[in-house]
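The values are calculated or read from the model by the stated rules, or taken from the named source; none is laboratory data. Being a predicted model, the structure only gives us computed values, none of them experimental. Ideal geometry is used to build each Cβ from the backbone, glycine not excepted, and the neighbour counts take in all protein chains shown.
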Amino acid sequence: MATKQSPTKTQSTYIPRLKQAYDESIRKELQQELGLENIFEAPKLEKIVVNVGVGRAKDDKKLLEVASNTIRKITGQQPIEIPAKKAVAGFKLREGNKIGLKVTLRGHRMYEFADRLISIILPRLRDFRGVKKNAFDRSGNYSIGINDQSVFPELSYEETTTVHGLQAVFVIKCQQSEHARALLEKFGMPFEKEDKE
């Protein structure tokens, strides 16, 4: 019985770097800097939704497999397929055609993916000058688009020969989008610098 309990103890002690930083310091810093009365009002990352649009998959069946493999490798979760809700004759699209894939990350996997994206993936992008500051929606959620999946080190060269993009949406619980941006800046998100004119 004792041998069965020891692995779960070691597993439960692991905390992703970003989550530990948030719990130990970032949350308190945000409360003070944003002038919030309660620490529970501090902005918090709730989930990350990673999705790929594969509208071309109706012509190229391999694209769906490639995109599914990409999401599975970079997130550690099996994606769900998104069917078309209605037919669009102009795009030769029928209702029920598979047009997308998505994964919702929470907990440890969410923090690990955010950490890898911010500290490894974004700096590897060609001619990278920072992510857009205006990609927040009214709720404070932030979207990042990546044109080419080859920047992810989890993928081999063979897995990147069929090129496709993907989008990551950071869903943040906050009172306003400025608070969400403050949270992402604390996480190290490299926002583009102001043009000095």
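Scanning region 24-37 for residues that are assigned to a helix (DSSP H, G or I) and either polar (S, T, N, Q) or farther than 16 Å from ALA180 by Cα (or both) yields GLU24, SER25, GLN31, GLN32. The set of residues in region 95-143 being among the polar types (S, T, N, Q), touching a strand residue (DSSP E or B) at 6+ places or on another chain (Cβ under 7 Å) and within 21 Å of GLY76 (Cα to Cα) consists of THR104, SER143.
None of GLY96, GLY90, GLY130 is of a type outside the set (Lys, Arg), at pLDDT 85 or above, surrounded by fewer than 17 Cβ atoms within 10 Å (Cβ to Cβ) and more than 16 Å from ASP148 (Cα to Cα) except GLY130. Applying the set (1) without any contact (Cβ under 8 Å) to a residue 12 or more places away in the chain; (2) over 27 Å from VAL66 (Cα atoms) to TYR157 leaves exactly one unmet item: (2).
Going through region 44-67 one residue at a time, which ones are crowded, with 19+ Cβ neighbours inside 10 Å, at pLDDT 85 or above and in a helix (DSSP H, G or I)?
Going through region 44-67, the residues crowded, with 19+ Cβ neighbours inside 10 Å turn out to be 45, 48, 50-52, 54, 57, 63-64, 66-67.
Next, from what is left, pick out any that are at pLDDT 85 or above: 45, 48, 50-52, 66-67.
Answer for region 44-67, where residues must be crowded, with 19+ Cβ neighbours inside 10 Å, at pLDDT 85 or above and in a helix (DSSP H, G or I): VAL66, ALA67.
Applying the criterion of at least 3 residues that are within 18 Å of LEU63 (Cα to Cα) and over 11 Å from the mean Cα position of the chain (by Cα) to the strands (runs of 3 or more DSSP E) found wholly in region 93-197 leaves 98-105. The residues of region 144-166 that are surrounded by 15 or more Cβ atoms within 10 Å (Cβ to Cβ) and of a type in the set (S, T, N, Q), listed by number, are GLN149, SER150, THR160, THR162. LYS85 meets the conditions (1) at pLDDT below 90; (2) in a helix (DSSP H, G or I) in every case but one. The failed one is (2).
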